[in-house]
Amino acid sequence: MIQINNVSKTYKGKKGTVTAVQNVSLNIEAGEIFGMIGYSGAGKSTLLRMLNGLESPTSGEVIINGQSISKCSSSQLRKARQKIGMIFQHFNLLWSRTVLENILFPLEIAKVSKKESINRAKELIKLVGLEGRENAYPSELSGGQKQRVGIARALANNPDVLLCDEATSALDPETTDSILSLLTNINKQLGITIILITHEMHVIQKICQRVAVMENGNVVEEGHVVDVFTRP
Ligand code: ADP
Ligand code: ADP
């Protein structure tokens, strides 16, 4: 479903060039929960951002459902992005808008009718367990609740893929577990492919089937979680 073909990304800066991702190739199957783990600076976020076109590869190509994300027009990219949801470590909510309004935002951008949008948002609020909190502002919510809003917003346009960028790194262990359970349910119930990046092994062990280990821009190991983490 997602093919990452020999992708590299270099940044040019004042101190010379930095190779953030180097010759990475991965295939991610529809419906799986795939993890990418590595220390800070390993290239995980850069790779994740190339999956939804927030960054474009210096070389190589990302193909999602047969369509190249790296070599398409901006209108094709905009359309493709609606099928790729993303959640973040610090939630990236709109602080001046309520829970309901945050979830309506991507539907407004996609020009979905008001009535349909509200129905959809209410469905999502139920799915993520935030009933009764529709009119709360993000500042009134706990970290776990904020991430639930982030998840509902990411699912608004019925994406095929959900990208998770250190989605539980700002949460305590108990809340982390509840968010990971929610993500597992979403994967099972809705069949959405999930790709997550993290520096925490227990996150991978809790929900991923396969994992890629990144170091200095390279994938140094890849396989089923049990195999990768139990090898001597
Ligand atoms: P990770 O997500 O694993 O922490 P990143 O993808 O954020 O890794 O970073 C990989 C490398 O690329 C790091 O050396 C980082 O400093 C560099 N890098 C990331 N984004 C940029 C950027 N926009 N400009 C310059 N260098 C960057
Ligand atoms: P917007 O206009 O996008 O709805 P704001 O202008 O209120 O949002 O906030 C802009 C940014 O400031 C937010 O994306 C967030 O990073 C930060 N911010 C605002 N309020 C808070 C808050 N209560 N807690 C943490 N960050 C905040």
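What to note about this one:
- The residue pairs whose first member lies in the range 126-153 and is within 13 Å of residue 94 (Cα to Cα), whose second member is surrounded by 18 or more Cβ atoms within 10 Å (Cβ to Cβ) and of a type in the set (D, E, K, R), and whose beta carbons are closer than 6 Å, counting only pairs six or more residues apart or on different chains, are 138/146.
- Boolean, residue 100 is in a helix (DSSP H, G or I), in contact with a helix residue (DSSP H, G or I) (Cβ under 9 Å, 6 or more places away or on another chain), modelled with pLDDT of 95 or more and not hydroxyl-bearing (Ser, Thr, Tyr): yes
- Evaluation of residue 59 against the conditions (1) closer than 19 Å to residue 8 by Cβ; (2) within 14 Å of ligand 1 (Cβ to nearest atom); (3) hydroxyl-bearing (Ser, Thr, Tyr) shows that the sole unmet condition is (2).
- All conditions but one from (1) exposed (fewer than 13 other Cβ atoms within 10 Å of the Cβ); (2) touching a Leu at 6+ places or on another chain (Cβ under 8 Å) apply to residue 34; the one that does not is (1).
- Residues that are assigned to a loop (DSSP other than H, G, I, E, B), modelled with pLDDT under 95 and among the aliphatic types (A, V, I, L, M) within the range 1-59 comprise 1, 54, listed in sequence order.
- Filter result for residue 153 (away from ligand 1 (no atom under 16 Å from the Cβ), on the phi < 0 side of the Ramachandran plot and part of a loop (DSSP other than H, G, I, E, B)): no
- Scanning the range 61-105 for residues being aliphatic (A, V, I, L, M) and closer than 24 Å to residue 169 by Cα gives a total of 7.
- Here residue 89 meets the list (1) within 16 Å of ligand 1 (Cβ to nearest atom); (2) of a type in the set (S, T, N, Q); (3) more than 30 Å from residue 38 (Cβ to Cβ) almost entirely, failing just condition (3).
- Scanning the range 71-105 for residues that are more than 16 Å from ligand 2 (Cβ to nearest atom) and touching a residue at least 40 places away in the same chain (Cβ under 8 Å) gives 82, 83, 84, 85.
- Filtered residue count, the range 171-220, keeping only those that are within 15 Å of residue 147 (Cα to Cα), more than 15 Å from ligand 1 (Cβ to nearest atom) and either in contact (Cβ under 8 Å) with a residue 12 or more places away in the chain or not in a helix (DSSP H, G or I) (or both): 12
- Matching residues in the range 63-94 - criterion: being part of a loop (DSSP other than H, G, I, E, B) and aliphatic (A, V, I, L, M): 69, 93, 94
- Candidates in the range 12-24 are the residues that are farther than 15 Å from residue 195 by Cβ and touching a residue at least 24 places away in the same chain (Cβ under 8 Å); of these, the one that is nearest to ligand 1 (Cβ to nearest atom) is 20.
The values are calculated or read from the model by the stated rules, or taken from the named source; none is laboratory data. From a predicted model like this one, the values you see are computed outputs, not experimental measurements. We place every Cβ from the backbone using ideal geometry, glycine too, and count neighbours over all the protein chains shown.
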